[in-house]
Structures are given as C-alpha cells and as structure tokens.
Amino acid sequence: MAVKIAPSLLAADFSRLADEVTRVAPVIDWLHLDVMDGHFVPNISFGLPVIEALRAVTDVYFDCHIMTTNPDAYLAELTKAGINQATMHIEAVPDPGRAMKRARDNGLDFGLVMNPGTPFDSVVPFAEDCDVLVVMSVEAGHGGQSFDADVLPKIETAREWVESHGLGADIQVDGGITPENAGQVISAGATVLVAGTAVFRADDPVSAVQALRRAAETDE
Ligand code: DX5
Ligand code: ZN
C-alpha cells in the first residue's frame, strides 16, 4: 500500500492559513485538521468557519481528527464545512456504532483513534467497518511533542489485525513524526503519517513532505 502523508494544520502559521495549505496541497495526500474543544483535550484549536474557509481554496482531502466531547454531535456541520473523513477518539465517543452510522449517513469516511494508553482491543468491535485506525504516538492535545516509541507494538498489532481479517483499512500514526522515525513507523505497519511540526515548522514545507515520503518509502 502506498504511504500517505497528512500534514497537520495545527503547526501552520495561522495568520496565513490559505497560503500554507495551497503551498503544500500539490505534494500531500491528506490535510489533517485537529479540532479541539478545550474539554476532551486541554486546548482549543479551530473549528467550522476555518475549515469552510479552507475548503474554498483547495480540493485536497480533509482528514478531520475530532478531539471533542460528544464527537459525533457536529458531523453534519463538519460535512457542510467540507471534511472528507472524521476520526474520533474511542475514549470520547459514547456509542461508536451510532457515530459510524452518522458519519456514513453524511457520506464521510470514518475512523477510530486510540491515545497511547488505550489498547488496540478497545477498537476491535468496530474496526472491521473503519476506513482508518489511528494510533496516537503522543497524548492528543498539543502539537510539537516527541514520538513515543512504546506505541510501535500497537501499530504492529493493528497491522496484523487488519491483514488477518483481509481488510484494507489504513493505519494512521499521529504525533511527533519526523524523517528520522518515519521508516520504523512504516515498517511497523502504518500507511498514513501525520506530521505537523516536521512539515509546517520546516524552512521549506514542500521539501519537508518530500523528505518524509522518501524516509517512509526507503524503509518500507
Ligand atoms: C495532537 C494532534 C496531532 C499534532 C501533530 O493532538 O492530534 O495531529 O498536531 O503534530 P506534531 O507532528 O507536531 O506532533
Ligand atoms: Zn491529530
């Protein structure tokens, strides 16, 4: 499976969001949008009007990582704003089956996210119907944290589970990804790399995406 690179907008220059997005759009697979409510996570990022404004300037696939309490409450509005995929924390979603149905009813791709301390077993009852399974390699809530290599076995478990069930779900890894660790994350079984700091805080974000892709594909 080809590796997807999904830069996280959280690390972009918020005073020039449209420029930041249109600059990297030609070389990325997904744009990762971290929506935070200051309740499920202790941070507030951006929400519906910002996503809608960015949808007007790009056709790139919007992968929305919802870090809110009651994550399925805003699916219709997020869809209208222009997202393509909603991912929700298994720790936050009261009824994952209902959330998945709501996402599908809105025509969205859907995935479940696990924080570092949450075992893969927690998503297994719903994993068969997910488009993506997301392994957090930092505690959700802030950009710029260091990758936690303790999650590598969970990535391997997720990959083995997907393959042994004959499924095509992506395995996304989010948090602290750099060209230095991208290879081992892909070797463990990831297919989607989220990277905020490593892309948008680089001198040249386009080259940074290309460096991540090279690192990912070299160690594949
Ligand atoms: C953390 C977010 C991540 C974060 C990634 O809560 O889910 O997507 O923005 O940023 P870096 O790559 O800086 O860890
Ligand atoms: Zn994220």
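The values are calculated or read from the model by the stated rules, or taken from the named source; none is laboratory data. This structure is a prediction, so every number in the text was calculated from the model and none was measured. We place every Cβ from the backbone using ideal geometry, glycine too, and count neighbours over all the protein chains shown.
Points to keep in mind about this one:
- Pairs meeting the criteria (first residue in region 5-21 and over 8 Å from residue 200 (Cβ atoms), second residue among the aromatic types (Phe, Trp, Tyr), beta carbons under 7 Å, at least 6 apart or on different chains) are 6/30.
- Any hit, region 153-167, residues being under 20 Å from residue 32 (Cα atoms), part of a helix (DSSP H, G or I) and more than 11 Å from ligand 1 (Cβ to nearest atom): yes
- Filtered by the rule that a residue be within 15 Å of residue 189 (Cα to Cα) and either within 16 Å of ligand 2 (Cβ to nearest atom) or within 13 Å of the chain's Cα centre (by Cα) (or both), region 132-150 gives 132, 133, 134, 135, 136, 137.
- Wholly within region 20-135, helices (runs of 4 or more DSSP H) carrying at least 3 residues that are of a type outside the set (Lys, Arg), within 16 Å of ligand 1 (Cβ to nearest atom) and over 18 Å from residue 192 (Cβ atoms): 48-55
- Test: residue in region 194-207 that is in contact (Cβ under 8 Å) with a residue 12 or more places away in the chain, assigned to a strand (DSSP E or B), closer than 29 Å to residue 45 by Cα and of a type in the set (Val, Ile, Thr): yes
- Residue selected from region 136-145 under the condition hydrophobic (A, V, I, L, M, F, W, C) and assigned to a loop (DSSP other than H, G, I, E, B), by the criterion nearest to ligand 1 (Cβ to nearest atom): 140
- Any chance residue 169 is within 27 Å of residue 95 (Cα to Cα) and surrounded by 15 or more Cβ atoms within 10 Å (Cβ to Cβ): yes
- Unique match (being at pLDDT below 95 and more than 14 Å from ligand 2 (Cβ to nearest atom)) among 94, 153: 94
- Meets criteria (within 21 Å of residue 17 (Cα to Cα), touching a helix residue (DSSP H, G or I) at 6+ places or on another chain (Cβ under 9 Å), without any contact (Cβ under 8 Å) to a residue 60 or more places away in the chain and loosely packed, with under 15 Cβ neighbours inside 10 Å) for residue 59: yes
- For region 169-192, taking the residues that are free of Cβ contacts under 8 Å to residues at least 60 places away in the same chain and within 13 Å of ligand 2 (Cβ to nearest atom), the one that is nearest to the chain's Cα centre (by Cα) is identified as 173.
- Failed criterion for residue 195 (all others in (1) within 13 Å of the chain's Cα centre (by Cα); (2) over 27 Å from residue 21 (Cβ atoms) hold): (2)
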